[in-house]
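These notes are about the structure you will find just below.
The values are calculated or read from the model by the stated rules, or taken from the named source; none is laboratory data. Fair warning: this is a prediction, and the values are worked out from it, not measured in the lab. Heads up, the Cβs are rebuilt from the backbone with ideal geometry, glycines too, and the neighbour counts pull from every protein chain shown. Protein only, heavy atoms only, side chains kept; ligands, DNA and RNA dropped before computing areas. Shrake-Rupley method; radii C 1.70, N 1.55, O 1.52, S 1.80 Å.
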Amino acid sequence: MEAGQALSSRLGRITISSEAIAQIVAETALECYGVVGMKGSLRGQLARARGRPRGIEIGRDGGEVTVDLHVVVEYGLNLAEVASSVSNRVAYEVRRLTGLRVRAVEVHVDDVRTGGK
């Protein structure tokens, strides 16, 4: 488990792992309208072998987080709108659930699938 930057409060320290952030991203993205799955690069597949969700890479710089997300979108939908919606929702949920500042969420549409496949 990769340790993240510790946040300090008057009650103590809180450390949030990149794996925990990746899980938040995965759950949020899969709940978004039009997203039917996740797909990743070879590096993302290797990360999944280590326990991270597929198609998600988390970057950390100080108290800021960057998210690289690879999704599969349902055929017939506006890809730009789906990607924008995913980006906004992921940034909001990561900020809400972790308190970390999200610098960027990059959404890559890697594939398009019909509902029957």
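Tabulated values for the structure
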item: Mean accessible surface per residue for segment 53-117, computed with a 1.4 Å probe while every protein chain stays in place, in Å²; result: 55
item: Inter-label distance for TYR92 and ASP111, nm, one decimal - labels placed 7 Å from Cα along Cα-to-Cβ; result: 2.8
